[in-house]
Protein chains: 2
Amino acid sequence: MERPEELAREMPSASIERLPTYLRALGDLAARGVVGTSSTELADLAGVRPAQLRKDLSYLGSLGTRGVGYDVVRLRDQVGAALGDAQELRVAIVGVGNLGHALANYSGLVARGFTVAALLDASAAVVGQTVAGLVVEDVAGLHGIVQARGVSIVVIAVPGDRAQEVCDAVVAAGVREILSFAPCALQVPPGVELRSVDVGSELQILAFHSRVRQER
Amino acid sequence: MERPEELAREMPSASIERLPTYLRALGDLAARGVVGTSSTELADLAGVRPAQLRKDLSYLGSLGTRGVGYDVVRLRDQVGAALGDAQELRVAIVGVGNLGHALANYSGLVARGFTVAALLDASAAVVGQTVAGLVVEDVAGLHGIVQARGVSIVVIAVPGDRAQEVCDAVVAAGVREILSFAPCALQVPPGVELRSVDVGSELQILAFHSRVRQER
DNA sequence: CGATGTGAAAATTTTCACAGCT
DNA sequence: AGCTGTGAAAATTTTCACATCG
């Protein structure tokens with residue numbers, strides 16, 4: 001409470017991962033002109049329990065008013081600040097295939113305050129093309145581009161058999177935050193934050209539940 | 001051990017979520033012609049600790065040989081079976097925008113044994129077009145298509161403001177496994193398994209770590 | 001009074017360390 | 001001898017329940 005930054009540093013990762021959901025719910029409430037809310041309402045919108053929402057928010061400080069609830073706009077701004085809202089972080093996308101294409105055109109990135117600063121690919125067939133208003137550049141120039149444009153997050157959208165080498169190059173370029181869509185486990189040194197999204201795995205997890213269901 | 005199905009039913013969700021990673025690592029080993037492996041090697045490939053891998057696999061039964069290790073092909077088939085490998089589950093994709101397009105063309109789905117059985121959209125501009133060898137159909141026909149083609153998993157790739165209504169229709173059509181790419185929390189009745197992937201949230205989580213890093 | 005913020009309890013997940021097989 | 005399989009311990013996460021304060 002005395003030092004919010006210290007507390008935020010100790011926020012459990014499980015809580016951190018729910019913040020974006022809360023931020024979105026708060027944005028929706030604000031857009032609807034709702035002024036005040038409660039942990040019950042907000043938790044409902046986010047699909048969690050009220051106590052969990054309160055505990056999660058408590059790591060960011062004392063953001064509500066006892067006996068009253070939360071001010072929607074104020075809370076939105078505070079959660080947004082925790083998520084680096086006003087930072088205008090620059091993102092580079094490596095791999096401009098089907099998925100890279102879709103990501104480059106995804107309005108959600110800009111809507112959440114990110115700037116797509118570069119599109120990179122290894123294939124001569126793609127380099128030079130204009131996608132989402134950006135000219136695709138050669139991945140060989142990764143290091144220089146990251147440095148020159150202040151890229152802080154890189155999205156890896158290349159085939160699995162290229163992902164580790166691209167990942168290594170990204171780390172070597174000094175990037176500390178990586179989001180990978182490659183369907184394989186990537187090795188990163190300590191201090192680098194890697195998150196992975198794999199559509200195939202998600203479907204397989206659903207398939208597991210489907211199979212268990214059938215067995216009964 | 002006496003009743004593997006019962007055990008599988010009790011597998012912790014945290015363990016279930018790691019099975020696809022193990023399966024992929026095993027597939028890679030098999031492709032390289034490796035015959036036997038150990039929990040240490042496999043855990044390394046999957047990015048987890050050996051004890052965790054052994055505990056995870058133990059929920060499926062006693063799959064290795066003490067003092068020796070695991071047979072790669074055998075273990076791959078057993079983990080694959082747990083994930084419904086041979087089931088040839090049918091998937092329908094609702095929303096054929098940028099993302100839906102990319103998903104329809106994603107070779108990883110077929111590679112992991114899924115069949116894309118239908119592409120659906122609400123927009124007249126898209127319905128009737130051929131994407132990835134399939135004609136896009138009107139989402140109004142969802143219920144009939146799901147029933148007629150035995151669709152067991154639906155992927156929701158529509159804009160956030162349409163996601164809940166589509167989700168409700170999908171549930172009403174009898175689907176029990178849903179993967180959503182919508183950037184919002186969806187409400188589903190108990191018994192329906194919903195998984196959510198939100199690229200914006202993933203980036204915001206990375207942004208949180210980036211901000212904490214800068215503060216130090 | 002009423003909803004937040006939070007210690008404490010419960011549940012889940014991870015890690016340890018070694019018994020048990022081959 | 002060596003690696004798996006697994007109870008037990010440790011760590012993390014969730015939930016409870018209530019003191020707290022506007």
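The values are calculated or read from the model by the stated rules, or taken from the named source; none is laboratory data. No experiment lies behind these values; they were computed from the predicted model shown. Positions of Cβ are backbone-derived with ideal geometry, glycine not excepted, and every protein chain shown enters the neighbour counts. Areas reflect the complete protein model, heavy atoms only, side chains present, ligands, DNA and RNA absent. Shrake-Rupley method; radii C 1.70, N 1.55, O 1.52, S 1.80 Å.
Scanning region A:186-216 for residues that are facing chain B (nearest Cβ under 8 Å), assigned to a helix (DSSP H, G or I) and not aliphatic (A, V, I, L, M) yields A:GLY200, A:SER201, A:GLU202, A:GLN204, A:PHE208, A:HIS209, A:SER210, A:ARG211, A:ARG213, A:GLU215.
Residue check: is A:VAL166 buried (at least 23 other Cβ atoms within 10 Å of the Cβ), more than 10 Å from chain B (Cβ to nearest Cβ) and part of a helix (DSSP H, G or I)?
Spelling it out, A:VAL166 is indeed buried (at least 23 other Cβ atoms within 10 Å of the Cβ), more than 10 Å from chain B (Cβ to nearest Cβ) and part of a helix (DSSP H, G or I).
Residues of region B:71-96 that are surrounded by fewer than 18 Cβ atoms within 10 Å (Cβ to Cβ) and either under 25 Å from B:LEU119 (Cβ atoms) or within 13 Å of DNA strand C (Cβ to nearest atom) (or both): B:ASP71, B:ALA86, B:GLN87, B:GLU88, B:ARG90. The set of residues in region A:53-73 that are within 14 Å of another protein chain (Cβ to nearest Cβ), outside any helix (DSSP H, G or I) and within 12 Å of DNA strand D (Cβ to nearest atom) contains only A:TYR59. A:ALA117: in contact (Cβ under 8 Å) with a residue 60 or more places away in the chain and either assigned to a loop (DSSP other than H, G, I, E, B) or under 21 Å from the mean Cα position of the chain (by Cα) (or both), yes or no? Against the criterion (in contact (Cβ under 8 Å) with a residue 60 or more places away in the chain and either assigned to a loop (DSSP other than H, G, I, E, B) or under 21 Å from the mean Cα position of the chain (by Cα) (or both)), A:ALA117 does not qualify.
Remark: B:ARG24 falls outside the filter, which requires a residue to be under 28 Å from B:ASP168 (Cα atoms) and within 13 Å of chain A (Cβ to nearest Cβ). Among the residues examined, A:VAL154 does not qualify as farther than 30 Å from A:SER62 by Cα and either part of a loop (DSSP other than H, G, I, E, B) or at the interface with chain B (Cβ under 8 Å from one of its Cβ atoms) (or both). Among the residues making up region A:46-70, those that are more than 8 Å from DNA strand C (Cβ to nearest atom) and either of a type in the set (Gly, Ala, Ser) or not assigned by TED's automatic domain parsing to the domain that holds A:LEU19 (or both) are A:ALA46, A:GLY47.
Based on what the data block shows, is B:VAL48 open to solvent by 10 Å² or more (accessible area, probe 1.4 Å) and part of a loop (DSSP other than H, G, I, E, B)? Yes, satisfied.
Given the structure, is A:VAL68 of a type in the set (Val, Ile, Thr), buried (at least 20 other Cβ atoms within 10 Å of the Cβ) and touching a strand residue (DSSP E or B) at 6+ places or on another chain (Cβ under 8 Å)? Break it down into steps so the answer makes sense when it comes.
Numbers: of a type in the set (Val, Ile, Thr): yes; buried (at least 20 other Cβ atoms within 10 Å of the Cβ): no; touching a strand residue (DSSP E or B) at 6+ places or on another chain (Cβ under 8 Å): yes.
The answer is no for A:VAL68.
So that you can scan it fast, the table gives a plain yes or no per residue for (1) open to solvent by 10 Å² or more (accessible area, probe 1.4 Å); (2) within 13 Å of DNA strand C (Cβ to nearest atom):
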position: A:SER15; (1), (2): no, yes
position: A:THR21; (1), (2): yes, no
position: A:ALA30; (1), (2): yes, no
position: A:ASP44; (1), (2): yes, yes
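Can you find, within region B:74-91, the residue that is farthest from the other protein chains (Cβ to nearest Cβ) among those that are of a type outside the set (Lys, Arg) and outside any helix (DSSP H, G or I)?
Our first condition is that a residue be of a type outside the set (Lys, Arg); within region B:74-91, this holds for B:75, B:77-89, B:91.
In the following step, the residues that additionally are outside any helix (DSSP H, G or I) were identified as B:83-84, B:88-89, B:91.
Details: B:LEU83: 5, B:GLY84: 4, B:GLU88: 10, B:LEU89: 6, B:VAL91: 7 Å.
Once the filter is applied, the top-ranked residue is B:GLU88.
Considering A:ARG216, A:ARG149, the condition of being open to solvent by 50 Å² or more (accessible area, probe 1.4 Å), out of contact with any Phe, Trp or Tyr (no Cβ under 6 Å at 6 or more places or on another chain) and modelled with pLDDT under 95 is satisfied by A:ARG216 alone.
Considering each residue of region B:122-129 in turn, at least one proves to be without any contact (Cβ under 8 Å) to a residue 12 or more places away in the chain, touching a helix residue (DSSP H, G or I) at 6+ places or on another chain (Cβ under 9 Å), surrounded by fewer than 20 Cβ atoms within 10 Å (Cβ to Cβ) and among the aliphatic types (A, V, I, L, M). Within region B:92-107, the set of residues being in a helix (DSSP H, G or I) and either free of Cβ contacts under 8 Å to residues at least 12 places away in the same chain or more than 8 Å from chain A (Cβ to nearest Cβ) (or both) comprises B:ASN98, B:GLY100, B:ALA102, B:ALA104, B:SER107.
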